[in-house]
Every structure is written in C-alpha cells, then in structure tokens.
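Got a structure here, written out as structure tokens. Questions coming.
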Amino acid sequence: MKFAVVVFPGSNCDRDYLHVLGNVLRQEVTAVWHQDTSLGDAQCVILPGGFSYGDYLRTGALACFSPIMEAVRDFANGGGPVLGICNGFQILLEAGLLPGAMLRNRSLRFVCRRQLLRVENTNTPFTSLYEKGQVIQAPIAHGEGNYYLEPAELRQLEDNGRIVFRYADSQGQATDEANPNGSVNNIAGIANEAGNVLGMMPHPERSSEEVLGSTDGLAVFQSAIAYLAERGKAAC
Amino acid sequence: MLTPQEIQQTQAWRPMGLKDEEYQKICGILGRLPNYTELGMYAVLWSEHCAYKHSRPLFKNFPTKAERILVGPGENAGAIDIGDGLAIVMKVESHNHPSAVEPYQGAATGVGGILRDIFTMGARPIANLNSLRFGDPASEHVRRLVRGVVAGIGDYGNCTGVPTVAGEVSFADCYAGNCLVNAMSVGVVSHSLITKASASGVGNPVMVVGSTTGRDGIHGATFASAELSEENEEKRPSVQVGDPFTEKLLIEACLELIESGVVVGIQDMGAAGLTSSSSEMASNASSGIEMDLSLVPQREKGMNSYEIMLSESQERMLVVPKAGAEEQVKAIFKKWGLNAVVVGKVTDDGMLRVFHNGQLAAEVPAKSLSTEGAPSYVPPAKRPDYLDKLWSYDFQQLPDLEPDEIQEAFWQLLTSANIVSRRWVWEQYDQDVQLGTLVGPGSDAAVLRIPGTKRGIALTIDCNGRYCYQNPKGGAALAVAEAARNIYASGGLPLAITDGLNLGNPEKPEIYWQLTQTVQGVAAACRALGTPVTGGNVSLYNETEGEAIYPTPVIGMLGLLEDAEQYATIAFKNQGDLIALVGEQGEELSGSEYLHVRRNLVAGSGPKLDLDAEKRNGEFCRAVISSGLVSSCHDVSDGGCAIALAECALAGKIGAHVRLYCPNRRDALLFGESQARYVLSVPENNYDALRGLALQRGVSVSLLGRVGGDRFTVELGETKVIDSDLGKMLDQWTGGLDRLLGEK
C-alpha cells in the first residue's frame with residue numbers, strides 16, 4: 001500500500017512513521033513536503049507528530065495553511081483515510097477536518113509516559129483489527145492534549161460513536177485518574193462523521209515493535225493496510 | 001562607543017572582566033591601542049568560559065587517545081568509532097549562571113547550544129542528557145528554579161525532536177544560590193561526514209546562516225566567568241533567548257548541507273557569537289577571515305560593530321562552503337525558511353578583519369583570540385583546611401542504628417530528596433521520539449539502538465558532589481567509576497567520556513587546588529577504565545556571596561553494546577529469582593546519603609576508591625548480562641545496599657526478601673556507600689554458572705535473597721528490620737519529588 005507522511009517545518013515524528021511503515025510493515029511510504037500541492041498516488045495520509053511552526057501561535061494553527069493542506073482536505077473529503085497523530089491531530093482540528101480544540105494539559109506541564117487506552121470504535125480504517133473495549137498501550141508526549149468540545153457537539157460525537165480511543169486504566173475504566181491531560185470524557189482520539197479521518201494524541205508508532213516494549217499500536221497501521229486491501233478488492 | 005584613548009583613560013576593560021595586564025598584552029599584540037569593538041572581542045574570548053585560562057594547563061593530564069577516538073578535545077565535540085562506519089559524537093556543556101538568573105531560557109539555550117555542537121560535526125542528534133544541582137527543594141526560590149530549568153530543557157529538546165533519555169538531579173545547600181545546569185547531547189554520523197570548524201581555501205566565501213542577529217546575550221560568556229552576586233538581576237540581558245523551532249530547521253538544513261558535500265568548514269555561534277566562530281575557524285586553518293558586518297541579517301535597527309560581533313543570538317552558524325556553491329547553500333536554507341548570506345571571505349593573512357558601514361571596525365590576528373592565543377594562568381594552590389576536620393572525624397563516636405530504628409531510617413532515606421523517583425522530572429521530557437530508546441530514564445544508563453545496525457549504545461551522566469567535596473581527587477575518580485558502573489550494569493562496554501567540571505573561583509588557592517585534584521582524579525580513573533576524555537566544558541566561578549559549590553565534575557559516558565537487545569535494567573523481573581551482591585559487603589559510612597539525611601553529617605574522606613575492583617566487577621557484570629545469565633543488574637550508589645535493592649523492587653513492581661549478616665555496624669551494612677558493587681537478580685538455574693564465572697575472574701559474589709511477593713523485607717540475621725508493603729513504597733517513592741517540590 002502507498003502511504004504519504006506530510007512533513008511540516010517542525011514535524012519531528014515523520015521519520016518514525018517512515019520507519020514503522022517502511023521497515024517494520026514493508027509498505028511503500030514517502031515523505032511529502034508541506035509546500036507540495038499534490039499527494040501523488042498515496043492511498044493513506046499521515047499527519048505527523050512534532051511542533052509544526054514551533055506551535056508558536058497555537059498548536060497546528062499555522063500548519064493548516066500549508067499548501068499541501070488543500071490536497072489533504074480534498075483527499076479526506078473524497079473518503080481517503082487520513083490519520084493525524086499528536087501534532088497531526090492538532091492540525092486536523094485547526095483545519096476543521098475534526099471538531100473541537102486542544103487546551104494545555106491540566107497539569108500545565110508537558111507529559112511523556114506510557115499510557116493505556118480503551119478502543120471504543122473498531123469501525124474505522126485505523127481500528128478494524130482491534131476488539132471493541134480492548135485496552136492497549138500507546139505512549140503519549142504532549143503539552144496540549146487536553147481535548148475540549150462544547151457539550152452539545154460532544155453528545156453528538158458520543159451518540160454517533162465517533163470517540164475512537166479513551167484514556168483508561170488497566171481494567172479498561174475511563175477514570176479521572178487515568179486521564180493524563182484533562183481531556184473531556186477522557187477522549188484520546190476521535191473520527192469525523194464519515195469515519196475516514198482519525199485524530200489521536202497517543203503515538204501508536206511508539207508501541208509498534210517488541211523491542212520498544214509493546215506492539216499494541218501496530219494494529220492502527222495494519223488496520224489501514226487491511227482497509228486499503230479490502231477497498232482495492234471492492235474496486236476490482 | 002569609547003575611543004581608544006577614552007578606553008585607556010577610563011580603564012574600560014575592567015567592567016568587561018579583563019585584567020590590567022591583559023589589556024597591556026592586547027596593546028602589545030596589536031602594536032596600538034585597541035578600539036572598543038576589538039576590546040570587547042578580546043574580553044569575551046579571553047574570558048574563563050571561552051579560553052579556559054585557569055584550567056587549560058591542567059588538561060595535558062587527561063588521556064585523550066585510543067583507537068576508537070576519531071576526534072578528541074579541541075573540536076566542537078568528540079567523535080568515537082562504534083563500528084559499521086559510524087561514529088558517536090558527544091559533549092557536555094554548562095549553562096549555570098544563565099539558569100540561575102533566568103531558569104527557563106538559561107536551561108533551554110543550554111540545550112540549544114550543545115545540540116549545535118553536535119550537528120555542527122555533521123551528526124544527527126539522537127539523545128540529550130542533563131545533570132542538575134539545586135539547593136534545598138523546600139525553598140520557594142529553589143522550586144522556581146527547578147520548575148523553570150526542567151521546563152526549559154523539556155521544551156527545547158521536545159520541540160527539536162531529540163529524546164531526553166537520562167540524567168541526574170540532586171539537591172544540596174551549596175547549590176542554593178548557584179544551581180548547576182549541565183546539558184549533554186549525543187549524535188550519530190558516518191565517518192565520512194564528520195565535519196570540522198575550519199576556514200580553509202583562500203577566497204572561499206564565509207556565510208552566516210540561520211537566525212538573525214540581535215542585541216541579546218552580549219557578554220554572556222563574560223557573565224559566565226564571574227561569581228554570582230546580588231547584582232545579577234541586572235545581568236538578565238546577558239541571557240539569550242531560545243527558539244527551538246528555528247533550531248529544528250537549522251538541524252535539518254545543516255545536515256542536508258553537509259551531506260551535499262560542499263562544506264569546507266562550519267562552526268556554531270555559541271559564546272561570543274560571530275567573534276568566536278570566525279576567529280576559531282580562521283585560527284584552526286591558519287587562515288584569515290574578512291567580513292562586512294553590514295551584510296549580517298539583523299533583527300534590530302542601529303546595531304554597531306561591537307554589538308554585532310558580540311551578540312549571542314541563538315540558532316546561528318558560520319559556514320565556509322566551496323567557492324561557487326553559494327547558491328546551493330542558499331537554496332537549501334531557503335527550503336527550510338532560513339537565512340544564508342555571504343558576509344565575507346577566507347584570506348591568507350591570518351587576520352580577522354571586520355568592516356561595518358564601509359569603515360574598518362576591527363583588525364586583529366585571529367590566533368590571538370583563540371584559546372592558544374589567550375593568556376593562561378597557574379595560580380597558587382593550597383589544600384583547604386576544611387579537609388583536616390572532615391578527615392579526622394572518628395566514626396566510632398557515631399551511634400549505630402538500633403534494629404528497631406532501621407525501618408524508620410529506611411523510609412526516611414527512601415523518601416528523601418536525593419533518592420525519591422525522578423519521575424516528575426523525566427515525564428516532562430519526550431524520551432521516545434526517533435524510536436531509538438530501548439531503556440529510558442529510571443534505570444542505570446539509557447540504552448539506544450543505532451538504526452541500520454545491530455549495535456546499541458549506553459549513555460549516562462554522573463557525579464556525587466559530596467564525595468568530591470570530601471576528597472576532590474578521589475571523588476572525581478569515583479564520578480568516572482560510577483558512570484562506568486552505570487554503563488556496565490546496563491550491559492555496555494565503557495568507551496569514552498565527556499566531562500563538565502564545575503567549581504568555584506580558581507583565583508582562590510583552595511579552589512584552584514580542588515581543580516587540580518579534580519583533573520588528576522578524572523584522569524586517573526579514565527586511564528584505569530580505558531575511557532579517554534573526548535572534550536567537555538569547564539565552568540568556574542560557581543560561587544554566591546563568596547561561597548563555592550562542591551567541586552562537581554559531571555561525567556558523561558558512552559558505552560557500546562554489540563547487540564542492542566542484550567541489555568539489562570535495574571528492575572527485578574521474575575518471582576523466585578535469586579538476588580546476589582557483586583563486590584565486597586561494605587563497612588564505610590563516609591560520604592553516604594544516610595549520614596547526610598539521618599545524621600545531618602558530612603564527615604570522613606568519602607568512600608574508598610579501588611579502580612581495579614571497579615574494572616573487574618564491572619567487566620564481570622557486563623559478561624553475565626551479555627551472556628543472558630541474569631535478569632537484572634543495578635549498581636549500589638546513593639543510599640547503599642538497602643536502597644539499591646528497594647530500587648530494583650520498585651522498578652520491577654515486585655517484592656523481595658533479603659537476609660544480611662552483620663559483622664560490624666548495621667548502618668554501614670545497610671546504607672553505607674562502598675563502591676564497585678552491584679546487585680543482580682538471577683534465575684536459580686543460572687546461579688551456579690554465575691558463581692563459576694565469578695570464581696574464575698576473582699570476583700566476590702554473595703547470595704542476598706530472593707525476588708517475589710508484594711513486600712520488601714530485610715532481615716539482619718534472624719531479626720526482621722525492614723518490612724514494607726511494596727504498593728505503599730511505590731506511592732511514596734514515585735510521587736516523592738512532586739511532594740517535596742510542593743507540586744501535589
């Protein structure tokens with residue numbers, strides 16, 4: 001399958017996805033510079049973690065105006081699978097491809113730790129290989145991961161199953177104690193209405209190899225591969 | 001700006017930190033009176049921070065050569081061969097004074113500066129470490145410093161995408177007014193891409209790349225070379241402001257540029273900015289440089305030549321490409337949104353010649369500004385009197401712990417500032433970006449895999465300042481020994497060090513004596529352990545209101561693992577594993593955290609140094625780790641055997657039962673800090689093999705107990721003296737620093 005990883009000035013996880021997709025999963029993956037205007041023949045797009053434009057105005061606020069974002073928008077609106085991780089999630093929010101906003105962590109500190117998540121929705125291109133309710137480990141590393149959405153919209157999101165990952169404890173309980181940043185309803189990841197755009201704060205690429213302590217995150221990328229294979233078959 | 005005559009009349013060199021005889025020396029070099037810009041250039045480059053005036057003559061003691069050392073001291077950073085055509089580049093640098101007055105920016109720019117030293121060499125930075133010292137965490141001022149420094153280090157490293165993988169933080173009153181912030185950075189580079197700071201090739205262009213130049217940080221290096229006092233608030237403008245986003249772009253642009261093959265030489269603009277980078281590059285190549293300052297991209301209007309030459313604006317580099325490659329350089333930097341401007345050219349007359357607005361603004365021999373050109377001093381040395389008092393302390397007069405006091409003493413130590421978990425600190429650092437971190441903070445050393453190879457590296461940074469206060473030479477050697485122990489305990493072979501020597505004012509005979517002893521101690525241990533010095537940093541004048549810090553030679557060490565995955569961590573892993581001690585059970589109390597915490601006492605000459613035992617026991621541990629015999633390994637350091645065992649249990653979240661036999665003092669047995677010791681856990685089936693190997697190598701191994709359960713218990717003979725619920729220990733220890741800093 002053909003993946004594209006968009007590189008913004010200040011992205012710093014871009015090479016990590018190239019490694020996991022290219023070396024671990026043996027997929028075709030290319031880096032696309034933010035000033036390009038085309039995603040080429042990519043079948044799945046990843047917006048990476050990092051600090052695009054230094055996060056100097058607001059996280060993701062400047063990156064969403066990069067020339068490539070027009071192509072990303074078109075790709076997403078056309079149903080193409082788009083995954084935004086960490087800063088990539090923040091960019092998707094600023095670009096209006098996902099609803100809501102990020103606030104600073106409630107501790108007001110950057111937090112990096114191994115985090116447990118509960119998979120809420122397996123009906124997305126990035127989660128189909130998980131079991132609903134499964135507890136997985138994926139490290140977090142962010143200063144602004146405190147997701148917020150107005151109550152009315154939040155209810156809609158909940159009702160439509162658009163919460164994809166929630167911070168949880170080892171029992172799968174989404175307790176306040178298990179919430180590392182103060183996100184409303186322990187939200188760690190959400191999807192758009194069509195389900196093809198996913199934003200998540202945790203880093204599945206950091207738990208994609210046994211040698212790094214966990215392979216729980218690998219299924220995010222494997223699900224995408226399976227989804228694309230399925231779609232390829234349907235198209236034939 | 002003052003005229004040369006006005007400078008002479010008003011003795012304007014004095015506030016810049018130059019001595020009268022140094023001013024005379026400058027007049028002699030130039031054959032005339034220096035102008036204000038020239039005086040400023042000399043003042044900064046002849047500061048202690050840049051010129052190592054008081055320490056340089058001592059460095060000849062350091063071992064600096066070995067087959068693996070590709071680049072030793074004198075360049076931006078050392079480079080060590082790790083096989084497969086790759087080298088590790090590493091260096092440590094201090095940012096103590098800036099952090100004392102402006103903790104966030106001081107620490108952040110410390111990280112930025114050391115990162116530039118790494119990628120200037122052509123290496124991609126793959127890891128950051130840091131070594132921090134503060135006063136009593138109960139003080140609100142100290143808490144403010146800790147918060148600022150940790151956030152500054154975190155934000156800069158996190159944004160640049162370099163994981164912070166290891167470090168150390170400790171607290172002692174002597175650092176209350178003069179905190180220490182030593183940042184270390186580590187990169188990886190192909191041998192063929194190692195790049196140096198050399199301006200060779202007459203006619204080659206000289207280019208300023210990266211950020212713009214402003215008035216920030218002028219005389220930062222001078223400020224770093226004086227004692228701190230109450231006037232420091234006024235020195236705030238001497239502290240630079242960091243921009244990690246620009247640094248990240250600069251990393252990518254510089255690495256792309258170096259890979260393109262057009263770079264002749266490159267140097268970062270650290271202390272003394274344009275002055276140091278241009279004079280060093282010219283001096284290294286025995287060439288000259290001519291520059292027009294009007295061409296330097298500036299962020300403020302109306303800057304004069306003095307300000308432009310001395311600015312310490314961050315995230316800038318000086319590049320000498322091959323003539324004709326100017327446009328290629330500009331194109332690469334434009335892609336990354338950065339400036340790249342030709343400001344001058346390489347000449348052959350050995351002069352640094354600077355024009356501004358069409359006028360000659362400065363003209364000095366480049367070599368006279370360089371380290372070799374700067375004056376150096378061998379001041380009088382005197383052994384300090386305080387040592388007599390410490391060394392004559394009679395430990396017989398100190399009451400031992402009664403068995404029923406031990407549980408309480410254990411808890412007191414476990415939850416004390418220098419022993420509680422550093423989780424509060426390291427959680428603010430991205431430890432995992434780049435996917436190389438196999439072992440992050442919280443074990444003895446960090447372990448990283450090296451992409452494209454089977455190999456791994458182990459990294460640590462260590463020093464026990466109290467040992468150094470009690471015995472400057474022995475303590476410095478123990479700092480190297482402890483670093484080596486952390487590498488060995490992780491399964492690595494110690495290869496080389498970078499050192500950050502932090503001391504007081506060397507113009508005081510007692511401090512200069514400490515400095516000479518420190519260098520001898522580091523040198524002796526590096527020789528014995530086979531770890532040459534590849535470069536480092538000296539930070540002197542660490543005093544407040546005349547009171548010096550403990551001599552604090554922090555040692556950053558690199559170790560190599562032939563197989564990255566054959567590492568050990570400190571964590572107990574399996575129920576039923578046996579626990580063994582490597583090394584002799586100790587009898588020493590001197591220098592221990594126990595004495596400090598429980599008895600409020602610093603006494604004796606510190607723990608005994610035995611470099612042969614260090615090497616023998618360390619090599620043994622490495623052997624049993626790489627052959628897969630053991631489940632965990634941890635060196636015994638602060639808090640002694642009881643605390644080391646507790647740390648293994650806490651890291652593994654699994655209990656342990658230990659029985660010790662006490663020949664003499666209970667306190668020394670449990671909490672003494674005798675060196676060259678490790679605790680291992682080993683599957684019972686492997687124990688005989690382990691014993692056999694120990695016998696062969698003449699290493700002492702004794703059985704202490706067994707891993708398992710959910711309690712941590714220690715018996716002395718038949719008497720249970722420590723019996724604690726592991727869950728409660730985890731809670732108190734893990735969140736201990738949060739509580740001590742008032743964050744909970």
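Quick check on region B:529-539. Is at least one of its residues free of Cβ contacts under 8 Å to residues at least 60 places away in the same chain and either under 21 Å from B:C621 (Cβ atoms) or surrounded by 24 or more Cβ atoms within 10 Å (Cβ to Cβ) (or both)?
yes
Give A:L228, A:L154 a once-over and let me know the one that is buried (at least 16 other Cβ atoms within 10 Å of the Cβ), out of contact with any strand residue (DSSP E or B) (no Cβ under 7 Å at 6 or more places or on another chain) and assigned to a helix (DSSP H, G or I).
Selected residue: A:L154, the only one of A:L228, A:L154 that is buried (at least 16 other Cβ atoms within 10 Å of the Cβ), out of contact with any strand residue (DSSP E or B) (no Cβ under 7 Å at 6 or more places or on another chain) and assigned to a helix (DSSP H, G or I).
Filter region B:306-333 down to residues that are more than 34 Å from the chain's Cα centre (by Cα) and over 17 Å from B:G201 (Cα atoms) and give me whichever is nearest to the other protein chains (Cβ to nearest Cβ).
B:A331
Out of everything in region B:95-131 that is touching a helix residue (DSSP H, G or I) at 6+ places or on another chain (Cβ under 9 Å) and of a type in the set (D, E, K, R), what residue ends up being surrounded by the most Cβ atoms within 10 Å (Cβ to Cβ)?
Looking at the filtered set, the residue picked out is B:R116.
Regarding B:V92, is this residue buried (at least 21 other Cβ atoms within 10 Å of the Cβ) and touching a strand residue (DSSP E or B) at 6+ places or on another chain (Cβ under 8 Å)?
For B:V92, the condition - buried (at least 21 other Cβ atoms within 10 Å of the Cβ) and touching a strand residue (DSSP E or B) at 6+ places or on another chain (Cβ under 8 Å) - is met.
Moving on to the next point. What single numbered condition from (1) more than 14 Å from chain B (Cβ to nearest Cβ); (2) in contact with a helix residue (DSSP H, G or I) (Cβ under 9 Å, 6 or more places away or on another chain) fails to hold for A:V135?
In the conditions (1) more than 14 Å from chain B (Cβ to nearest Cβ); (2) in contact with a helix residue (DSSP H, G or I) (Cβ under 9 Å, 6 or more places away or on another chain), A:V135 misses (2) alone.
Which helices (runs of 4 or more DSSP H) sit wholly inside region B:390-495 and have at least 2 residues that are crowded, with 24+ Cβ neighbours inside 10 Å and away from every other protein chain (no Cβ under 14 Å)?
B:406-414, B:465-470, B:472-489
Can you go through B:K382, B:K367 and tell me which one is modelled with pLDDT of 95 or more and surrounded by fewer than 17 Cβ atoms within 10 Å (Cβ to Cβ)?
So the residue among B:K382, B:K367 that is modelled with pLDDT of 95 or more and surrounded by fewer than 17 Cβ atoms within 10 Å (Cβ to Cβ) is B:K382.
So, one more: Just one of the numbered conditions (1) in a loop (DSSP other than H, G, I, E, B); (2) under 18 Å from B:Q434 (Cα atoms); (3) more than 10 Å from chain B (Cβ to nearest Cβ) is not true of A:G60; which one?
(2)
Turning to a different aspect of this structure: Please verify whether B:S376 is small (G, A, S), out of contact with any strand residue (DSSP E or B) (no Cβ under 8 Å at 6 or more places or on another chain) and buried (at least 18 other Cβ atoms within 10 Å of the Cβ), treating the condition exactly as stated.
So B:S376 fails the test.
Enumerate the strands (runs of 3 or more DSSP E) found wholly within region B:74-160, keeping only those where 1 or more residues are of a type in the set (K, R) and within 14 Å of chain A (Cβ to nearest Cβ).
Of the strands (runs of 3 or more DSSP E) lying wholly inside region B:74-160, those with at least 1 residues that are of a type in the set (K, R) and within 14 Å of chain A (Cβ to nearest Cβ) span B:124-134.
Let me ask something else. Residue under question is B:E507, and the condition is that it be surrounded by fewer than 22 Cβ atoms within 10 Å (Cβ to Cβ) and in contact with a helix residue (DSSP H, G or I) (Cβ under 9 Å, 6 or more places away or on another chain); does it hold?
Spelling it out, it is not the case that B:E507 is surrounded by fewer than 22 Cβ atoms within 10 Å (Cβ to Cβ) and in contact with a helix residue (DSSP H, G or I) (Cβ under 9 Å, 6 or more places away or on another chain).
Something else: Give me a count of the residues in region B:150-180 that are touching a Leu at 6+ places or on another chain (Cβ under 6 Å) and β-branched (V, I, T).
Final tally of qualifying residues: 1.
Looking only at residues in region B:499-556 that are among the small types (G, A, S) and in contact with a Cys (Cβ under 9 Å, 6 or more places away or on another chain), which one is nearest to B:G474 (Cα to Cα)?
The selected residue is B:G521.
Would you point out which residue out of B:V582, B:V554, B:V602, B:V624 is within 30 Å of B:L58 (Cα to Cα) and surrounded by 24 or more Cβ atoms within 10 Å (Cβ to Cβ)?
Going through B:V582, B:V554, B:V602, B:V624 in turn, just one is within 30 Å of B:L58 (Cα to Cα) and surrounded by 24 or more Cβ atoms within 10 Å (Cβ to Cβ): B:V554.
On to the next question. Got at least one residue in region A:126-139 being closer than 22 Å to A:G96 by Cβ and either of a type in the set (S, T, N, Q) or touching a strand residue (DSSP E or B) at 6+ places or on another chain (Cβ under 8 Å) (or both)?
Yes, there is a match, as at least one residue in region A:126-139 is closer than 22 Å to A:G96 by Cβ and either of a type in the set (S, T, N, Q) or touching a strand residue (DSSP E or B) at 6+ places or on another chain (Cβ under 8 Å) (or both).
Please verify whether region A:211-222 includes one or more residues that are touching a strand residue (DSSP E or B) at 6+ places or on another chain (Cβ under 9 Å), within 22 Å of A:R58 (Cβ to Cβ) and either in a loop (DSSP other than H, G, I, E, B) or free of Cβ contacts under 8 Å to residues at least 12 places away in the same chain (or both).
Checking region A:211-222: not a single residue is touching a strand residue (DSSP E or B) at 6+ places or on another chain (Cβ under 9 Å), within 22 Å of A:R58 (Cβ to Cβ) and either in a loop (DSSP other than H, G, I, E, B) or free of Cβ contacts under 8 Å to residues at least 12 places away in the same chain (or both).
With B:L493, B:L515 as the choices, which residue is aliphatic (A, V, I, L, M) and either over 18 Å from the mean Cα position of the chain (by Cα) or within 17 Å of B:R133 (Cα to Cα) (or both)?
Exactly one residue qualifies, and that residue is B:L493.
Only one of these is of a type in the set (V, I, T), under 29 Å from the mean Cα position of the chain (by Cα) and farther than 30 Å from A:H203 by Cα: B:V378, B:V425, B:V420, B:V433. Name it.
Of B:V378, B:V425, B:V420, B:V433, the one residue that is of a type in the set (V, I, T), under 29 Å from the mean Cα position of the chain (by Cα) and farther than 30 Å from A:H203 by Cα is B:V378.
Can you confirm whether region A:1-18 contains a residue that is farther than 20 Å from A:Q90 by Cα and modelled with pLDDT under 95?
Within region A:1-18, one or more residues are farther than 20 Å from A:Q90 by Cα and modelled with pLDDT under 95.
If A:E144 satisfies all but one of (1) buried (at least 24 other Cβ atoms within 10 Å of the Cβ); (2) acidic (D, E); (3) touching a residue at least 60 places away in the same chain (Cβ under 8 Å), what's the number of the condition it fails?
It is condition (1) that A:E144 fails.
Pairs under 6 Å by beta carbon, first residue surrounded by fewer than 17 Cβ atoms within 10 Å (Cβ to Cβ) in region B:310-327, partner part of a loop (DSSP other than H, G, I, E, B), six or more apart or different chains?
These pairs meet every condition: B:K322/B:V262; B:A323/B:G203; B:A323/B:N204.
Please go through region A:32-57 and pick out each residue that is assigned to a strand (DSSP E or B) and more than 11 Å from chain B (Cβ to nearest Cβ).
Matches in region A:32-57: A:V32, A:C44, A:V45, A:I46, A:L47.
On to the next question. Given the condition acidic (D, E), more than 20 Å from A:H19 (Cβ to Cβ) and within 14 Å of chain B (Cβ to nearest Cβ), answer yes or no: does some residue in region A:138-149 qualify?
yes
Shifting gears a bit: Quick one: in region A:16-31, which of the residues that are of a type in the set (D, E, K, R) and surrounded by fewer than 20 Cβ atoms within 10 Å (Cβ to Cβ) is nearest to the other protein chains (Cβ to nearest Cβ)?
It comes out as A:R26.
If A:G78 meets every condition in (1) modelled with pLDDT of 95 or more; (2) buried (at least 20 other Cβ atoms within 10 Å of the Cβ) apart from one, which number is that one?
Just one mismatch for A:G78, condition (2).
Hey, another quick one. For region B:613-630, name all the residues that are in contact (Cβ under 8 Å) with a residue 60 or more places away in the chain and outside any helix (DSSP H, G or I).
Across region B:613-630, the qualifying residues are B:G628, B:L629, B:V630.
For region B:315-332, does any single residue satisfy the condition of being outside any strand (DSSP E or B), among the β-branched types (V, I, T) and touching a Pro at 6+ places or on another chain (Cβ under 7 Å)?
yes
Kindly indicate whether A:S208 is surrounded by 16 or more Cβ atoms within 10 Å (Cβ to Cβ), in contact (Cβ under 8 Å) with a residue 12 or more places away in the chain and not hydrophobic (A, V, I, L, M, F, W, C).
yes
The values are calculated or read from the model by the stated rules, or taken from the named source; none is laboratory data. Model, not experiment: these values are computed from the prediction. Cβ sites come from the backbone with ideal geometry, for glycine too, and all protein chains shown count toward neighbours.
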